[in-house]
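Colleague: One structure follows; several queries about it will come next.
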Protein chains: 2
Amino acid sequence: MDRATALKDLRACLKTIGVDAMIIPSNDCHFGEYVQNYFCVRAWLSGFDGSAGTLVVTADKALLWTDSRYFIQAADQLKGSEIELMKMRMEGTPTVEEWLNTHFRGDSSFRVAIDGSIFSIEEYNTLSSKLSGSVVVIDDPFNKIWKEREPIHFGHIDLLDERYSGESVISKRQRIAEALQMEDENTVYILSKCDDIMYLCNLRGCDVDYNPVALSYAVVRKDFIIIFGNETSFSAQAHEYLAYQSIAILPYNTFFGYLEQLSPDVRKIVKYDSTSVKVRESAGNINLVEDPTPGGTVSYLKSIKNDTETDGFKEAFLMDGIAWCKLLKYIDDNIETGTLNEYNVARQLIEYRKQCIDYRGESFEPIVAMNANAASAHYSVSNAQDAAKIIPEGFLLMDTGAHYLFGTTDTTRTVSLSPLSQVQMDDYTLVLKGMIQLSMAVFPKGTRGSQLDILARGPIMNKGKMYFHGTGHGIGHYLCVHEGPQSIRMEYNPVTLEPGMIQSNEPAVYVEGKYGIRTENVILVTSYRKNDVNTFYNFETLTLVPIDTKCINKDLLGESCIEWLNDYHRQVFDSLSPYLSDEENVWLSQKTAAI
Amino acid sequence: MDRATALKDLRACLKTIGVDAMIIPSNDCHFGEYVQNYFCVRAWLSGFDGSAGTLVVTADKALLWTDSRYFIQAADQLKGSEIELMKMRMEGTPTVEEWLNTHFRGDSSFRVAIDGSIFSIEEYNTLSSKLSGSVVVIDDPFNKIWKEREPIHFGHIDLLDERYSGESVISKRQRIAEALQMEDENTVYILSKCDDIMYLCNLRGCDVDYNPVALSYAVVRKDFIIIFGNETSFSAQAHEYLAYQSIAILPYNTFFGYLEQLSPDVRKIVKYDSTSVKVRESAGNINLVEDPTPGGTVSYLKSIKNDTETDGFKEAFLMDGIAWCKLLKYIDDNIETGTLNEYNVARQLIEYRKQCIDYRGESFEPIVAMNANAASAHYSVSNAQDAAKIIPEGFLLMDTGAHYLFGTTDTTRTVSLSPLSQVQMDDYTLVLKGMIQLSMAVFPKGTRGSQLDILARGPIMNKGKMYFHGTGHGIGHYLCVHEGPQSIRMEYNPVTLEPGMIQSNEPAVYVEGKYGIRTENVILVTSYRKNDVNTFYNFETLTLVPIDTKCINKDLLGESCIEWLNDYHRQVFDSLSPYLSDEENVWLSQKTAAI
């Protein structure tokens, strides 16, 4: 079916319902980062398949909003359609609400439809307050229009043994009940985010790419939990464990019905940012309370890794370090052959990772990017034909991560393939200096990530340069590689960094049309020291992959960072060498030699 | 009258009113930093005369909350009274509300009195929401109890010529009217903070110590301003200017009556943080709107200095630099005589400052503190008897500032008077390194002070040390030396740093019982560079006083900070030497020699 016909059918449908426009976002009902094809309505209707975008369709217009990462790709993919590209956050670009208000000027009675199951309560509230017209909540209308729509599919669900998760479900539930002061059965905590549910119930699924979750909802009550999922997907072991942990399983499609029949005595607790309008509507006139404390939410508990989980992460970074070393040596050994390209190098790393039997797949689409390709922060190639050749010239940036049964990794290294210019060396050094400065931070209890961002970003900004993404994101434990609620970015985020939180540290420099440099380690918040008045934390680096020292301007890096780097490389060598061959160790000892 | 009798009389009074407790804060009706004796009820009742503290009196208890700056002083001054010291923000110390709730356990009907004229609306709202009992707003009850109470006094009010202020009142009023969208006379902006009123009306007074303000209220309307002040205090020149700028003067004590008779059509705009409950009560049932944008407030306009004001600041720091150099040389010349003490050194600096005819007094109580005395961040001596002798041993910390007609200064220098231990040198160097790192910052438009604090605090925290105050505060233009709304501290403050904002940069290390080290420059936000996507700002240092280089551990300071320091000293020498004698210049060239 072509886009023109699809848009025509949608417009006919909107006319029947009696609405003037529809807003079509990118997410699914669970507000996760990765979604099944069933939910890719925006991509299907517009042809633009980037991860972020919002389509607006009126009787005579169709527009797609997306952010700077995707301007080039979207312009390309929208070609040949009537759909206009709206460049988000650029001067002169109205927001969706502003555009709608202007388009329907003089008519406050216009009606804008949204699918209530994929709009969060927060998004709905913002939209309602900013729109001069009204918002009409409808059911998903696309089953009728989208003939080739794939159904939702449910894969197997496995138990994640407590020897990997480190805590029973009962214990997690009790901690939540205490934090949320669940005194009786009249408090119900509703969960829509699949990774929260997987964490809470010690389960892992395979329903979306890159994130080992099962599509599910859950409600937590004082003495039990109900998971709404596909009953036949659970392994026998999972069934047994869940029963033992006071967890009932109900069919996925009974979730909204369950909410509708809840006793009116019930007071429900939800986090608005990941709860849909449909949840609120199903709960009817029962009092919905937004949990005011991040402390009581599953996503907060999940962010603070226990000792078993952090040990698992360390094991994961050890396994991944071995694979990375083999890959870096493989590139060194084969760079002159002319056979390497971005695609087969990414595949090769996967082969090395597979040598660990607990490898469970990539944690995101691998980025392997030569020179100018690396200047788009989210460049990736999914096939050999589009891949650039890797030749001895300039920089190669690799940003990839893996899931292991015991933890998830996310590592970026940029290596030089030829002698560099002074500017290239300096850019590389500034990025490394930022990464190291953040790694060395010592900070008191109560510090927010935004207070530390400048340590990573400062050296780069001091040269009038900038990178347009955060410095650090939380990382799931064999779950989504991007996870909250903490972050290290310029934007204010009230969540403070606490021991057990694991996040990335990835400053960068991008020079459009030329090259991109990013160096990323993963760092764990740990207790540093305590005196009578202060508790200080610092970071422990988990990543074990050599950093290219050929590109460093030592004067610019400075003594204390050089010292850190030499220590780091000593640790990389000591940790990895027992697992490598003699030949590999000769190579590694050169790569990790002190500078 | 002794404290016991005063407390007894207050308790009798509370019993008559029918309340169970009273909360007595430190401020006056204008929420300024310095208050007249009339308002020093807390100090009179408790005997504790530090700048910050809250007294709570119930039928059987009296407690004083104060912060870490004052723990030692308060403990000392409370001796011999029944008043218990409550150490704010220390583990285990309840807040005032928590303590009251616990004290009156099981009785939600308890009543707590506050004087509505000295409680801000915000403080009142917080108190009401956290207290399980109720808040009773009463009039100041102390006129009857406090027999020796000094009346409020009003000194002369002078015009600050536009050649110093750089902008007419009409222009400022128009900028406010535009920012607040004052379309007609039905919007009234109420001002209670005296320094906001002085800034707005190009006036300066002398009603409190250290801050050249006149006690006053004001209302701003679209086409005129009314000041409520003491009519006979205004100079003839001020009267003439005010009339010309559409400013009416009404008697100070008619302010609340004016609010009461405002037309009900009026929509008032206030900033809650400096507006009293009594203002809200006087305005009756007229709709009070809290201005949501800091951009429209006088305190925000005031914080962004215009070119005339920044030029004035530069002149002030030049004048002050000359005086400081003379003082530092005077100490060097006389340290061995045994005649120097903390008090006469502070007086000597004032003598040197007076050599500038535009000197208008100190901007705060001078701090000159030997060794252990400097470990209390706000130590000062007000008489020669209590002053410690300055002898060739350890550190001398001096933190003083001056008002000149064209600007205000605030400078701290710590100098070594004898050879130091390695730890002392290192502490000194860490403080200096923090000060320099913040001075060198480059940051994008939109950056908040809390994002930069770590640059100053980082080197100190990396050694597990800490200072318990902010790194930087805004500075008034021949107004209060501590001014908002911007700040550079760990705490979140949404106000972003903008070109024209002037603030201090004062990291420190305190070692109780031994010494205190603080180095403070004043820095101006300036435009640094702009490319197609980013606007970067940096800081220009205004202070021109040599920094003691004898105490520096060069390895610890690091190359880039050494380079900054040498540049700075070159600038200090070049700026000051034309105003100094040959002998002074010989001294200065040694003090500013490159290291």
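The values are calculated or read from the model by the stated rules, or taken from the named source; none is laboratory data. Keep in mind it's a predicted model, so treat the numbers as computed, not measured. Methodologically, a virtual Cβ is constructed for each residue, glycine included, from the backbone with ideal geometry; neighbour enumeration extends over all protein chains shown.
Colleague: Just name the residue that is surrounded by the most Cβ atoms within 10 Å (Cβ to Cβ) out of those in region B:52-93 that are without any contact (Cβ under 8 Å) to a residue 60 or more places away in the chain and among the polar types (S, T, N, Q).
Modeller: Of everything passing the filter in region B:52-93, B:66 is surrounded by the most Cβ atoms within 10 Å (Cβ to Cβ).
Colleague: Being touching a residue at least 60 places away in the same chain (Cβ under 8 Å) and of a type in the set (S, T, N, Q) is the filter here; which residues of region B:437-486 pass it?
Modeller: B:437, B:439, B:447, B:486
Colleague: Consider only pairs whose beta carbons are under 7 Å apart and that are at least six residues apart or on different chains; among these, list those whose first residue lies in region A:513-530 and is within 29 Å of residue A:495 (Cβ to Cβ) and whose second residue is in a strand (DSSP E or B) and of a type in the set (D, E, K, R).
Modeller: These pairs meet every condition: A:518/A:399; A:519/A:413; A:520/A:399; A:523/A:540; A:524/A:540; A:526/A:540.
Colleague: Test of understanding: among B:308, B:297, B:337, which residue is of a type in the set (Val, Ile, Thr) and crowded, with 20+ Cβ neighbours inside 10 Å?
Modeller: After ruling out the rest, the residue left standing is B:297.
Colleague: Still on this structure, please answer the following. Answer yes or no as to whether residue B:176 is farther than 30 Å from residue B:360 by Cβ and among the β-branched types (Val, Ile, Thr).
Modeller: no
Colleague: Is it the case that residue A:35 is over 20 Å from the mean Cα position of the chain (by Cα) and surrounded by 17 or more Cβ atoms within 10 Å (Cβ to Cβ)?
Modeller: Numbers: over 20 Å from the mean Cα position of the chain (by Cα): no; surrounded by 17 or more Cβ atoms within 10 Å (Cβ to Cβ): yes.
Against the criterion (over 20 Å from the mean Cα position of the chain (by Cα) and surrounded by 17 or more Cβ atoms within 10 Å (Cβ to Cβ)), residue A:35 does not qualify.
Here is a yes/no grid of residues against (1) among the aliphatic types (A, V, I, L, M); (2) touching a strand residue (DSSP E or B) at 6+ places or on another chain (Cβ under 9 Å); (3) surrounded by 22 or more Cβ atoms within 10 Å (Cβ to Cβ):
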position	(1), (2), (3)
A:199	no, no, yes
A:202	no, yes, yes
A:205	no, yes, yes
A:212	no, yes, yes
A:216	no, yes, yes
A:221	no, yes, no
A:229	no, yes, yes
A:235	no, yes, no
A:239	no, yes, no
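Colleague: Of (1) within 21 Å of residue A:31 (Cα to Cα); (2) crowded, with 17+ Cβ neighbours inside 10 Å; (3) in the same structural domain as residue A:38 (by TED's automatic domain parsing), residue A:138 satisfies all except one. Which?
Modeller: Answer for residue A:138: the failing condition is (2).
Colleague: Mind checking which pairs have a first residue in region B:540-556 that is touching a residue at least 60 places away in the same chain (Cβ under 8 Å) and a second that is assigned to a loop (DSSP other than H, G, I, E, B) and surrounded by 18 or more Cβ atoms within 10 Å (Cβ to Cβ), Cβ under 7 Å, 6 or more apart or different chains?
Modeller: B:546/B:592; B:547/B:519; B:551/B:420
Colleague: What are the residues in region B:210-231 that are β-branched (Val, Ile, Thr) and modelled with pLDDT of 95 or more, if any?
Modeller: Residues satisfying the conditions are B:213, B:225, B:226, B:227.
Colleague: For the list (1) within 14 Å of chain A (Cβ to nearest Cβ); (2) within 19 Å of the chain's Cα centre (by Cα); (3) under 25 Å from residue B:276 (Cα atoms), I need the number of the one condition that residue B:69 fails.
Modeller: (3)
Colleague: Pick from region B:512-522 the residues that are in contact with a helix residue (DSSP H, G or I) (Cβ under 6 Å, 6 or more places away or on another chain) and in a strand (DSSP E or B): which of them is nearest to the other protein chains (Cβ to nearest Cβ)?
Modeller: B:516
Colleague: Specify the residue that is nearest to residue B:417 (Cα to Cα); the eligible residues are those in region B:327-380 that are basic (Lys, Arg) and in contact (Cβ under 8 Å) with a residue 40 or more places away in the chain. Quick ask: steps written out before the conclusion?
Modeller: Step one: list which residues in region B:327-380 are basic (Lys, Arg), which gives B:329, B:347, B:353-354, B:360.
Going one step further and asking which of them are in contact (Cβ under 8 Å) with a residue 40 or more places away in the chain, we end up with B:329, B:353, B:360.
Details: B:329: 13, B:353: 23, B:360: 31 Å.
Only one residue tops the list, namely B:329.
Okay, residues lined up against (1) surrounded by 20 or more Cβ atoms within 10 Å (Cβ to Cβ); (2) closer than 15 Å to residue B:428 by Cα; (3) aromatic (Phe, Trp, Tyr):
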{"residue": "B:514", "(1), (2), (3)": "no, yes, no"}
{"residue": "B:525", "(1), (2), (3)": "yes, no, no"}
{"residue": "B:533", "(1), (2), (3)": "no, no, no"}
{"residue": "B:546", "(1), (2), (3)": "yes, yes, no"}
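Colleague: In addition: At least 1 residues that are free of Cβ contacts under 8 Å to residues at least 60 places away in the same chain in each: list the strands (runs of 3 or more DSSP E) lying fully within region B:179-239 that qualify.
Modeller: Hits in region B:179-239: B:217-220, B:225-229.
Colleague: If we scan region B:243-265, do we find a residue that is surrounded by 21 or more Cβ atoms within 10 Å (Cβ to Cβ) and of a type in the set (Phe, Trp, Tyr)?
Modeller: The answer is yes; a qualifying residue exists.
Colleague: While we're on this one: With the requirement that a residue be out of contact with any Asp or Glu (no Cβ under 8 Å at 6 or more places or on another chain), at the interface with chain B (Cβ under 9 Å from one of its Cβ atoms) and not hydrophobic (A, V, I, L, M, F, W, C), what does region A:448-468 give you?
Modeller: Hits for region A:448-468 are A:448, A:453, A:457, A:458, A:462, A:464.
Colleague: Do we have residue A:478 as in the same structural domain as residue A:550 (by TED's automatic domain parsing), outside any strand (DSSP E or B) and at positive phi here? Step through it out loud before you land on a result.
Modeller: Working: in the same structural domain as residue A:550 (by TED's automatic domain parsing): yes; outside any strand (DSSP E or B): yes; at positive phi: yes.
Criteria met by residue A:478.
Colleague: Scan B:588, B:556, B:580, B:576 and give me the residue that is surrounded by 14 or more Cβ atoms within 10 Å (Cβ to Cβ) and within 30 Å of the chain's Cα centre (by Cα).
Modeller: Criteria check complete, one pass: B:576.
Colleague: Across region A:240-249, which residue is farthest from residue A:362 (Cα to Cα) among those that are of a type in the set (A, V, I, L, M, F, W, C) and assigned to a helix (DSSP H, G or I)?
Modeller: For region A:240-249, the residue satisfying everything is A:243.
Colleague: From the set of residues in region B:419-436 that are of a type outside the set (A, V, I, L, M) and surrounded by fewer than 24 Cβ atoms within 10 Å (Cβ to Cβ), which is farthest from the other protein chains (Cβ to nearest Cβ)?
Modeller: Among residues in region B:419-436 that are of a type outside the set (A, V, I, L, M) and surrounded by fewer than 24 Cβ atoms within 10 Å (Cβ to Cβ), the one farthest from the other protein chains (Cβ to nearest Cβ) is B:419.
Colleague: Sort out for me the strands (runs of 3 or more DSSP E) sitting completely within region B:351-418 that have 1 or more residues that are buried (at least 22 other Cβ atoms within 10 Å of the Cβ).
Modeller: B:367-370, B:395-400, B:402-404, B:411-416
Colleague: State the number of residues belonging to region A:334-347 that are over 24 Å from the mean Cα position of the chain (by Cα) and part of a helix (DSSP H, G or I).
Modeller: So the answer is 5.
Colleague: From the list A:499, A:444, A:507, which one is surrounded by fewer than 21 Cβ atoms within 10 Å (Cβ to Cβ) and more than 10 Å from chain B (Cβ to nearest Cβ)?
Modeller: That would be A:499, the only listed residue that is surrounded by fewer than 21 Cβ atoms within 10 Å (Cβ to Cβ) and more than 10 Å from chain B (Cβ to nearest Cβ).
Colleague: Of all residues in region B:112-132, how many are among the acidic types (Asp, Glu) and either outside any helix (DSSP H, G or I) or over 27 Å from the mean Cα position of the chain (by Cα) (or both)? If you could, list the steps in order and put the result at the bottom.
Modeller: The initial filter retains those residues of region B:112-132 that are among the acidic types (Asp, Glu), namely B:115, B:122-123.
Filter again for either outside any helix (DSSP H, G or I) or over 27 Å from the mean Cα position of the chain (by Cα) (or both), leaving B:115.
So the answer is 1.
Colleague: Here's a follow-up. In region A:250-287, which residues are among the acidic types (Asp, Glu) and assigned to a helix (DSSP H, G or I)?
Modeller: A:260, A:273, A:281
Colleague: Same structure, new question: Please work out which residue is nearest to the other protein chains (Cβ to nearest Cβ), limiting yourself to region B:534-591 and to residues that are assigned to a loop (DSSP other than H, G, I, E, B) and of a type in the set (A, V, I, L, M). Break it down into steps so the answer makes sense when it comes.
Modeller: Taking region B:534-591 first, the residues assigned to a loop (DSSP other than H, G, I, E, B) are B:534, B:542-553, B:558, B:580-581.
Keeping just the survivors that are of a type in the set (A, V, I, L, M) gives B:542, B:544-545, B:547, B:552, B:580.
On the way: B:542: 21, B:544: 24, B:545: 25, B:547: 21, B:552: 16, B:580: 34 Å.
Once the filter is applied, the top-ranked residue is B:552.
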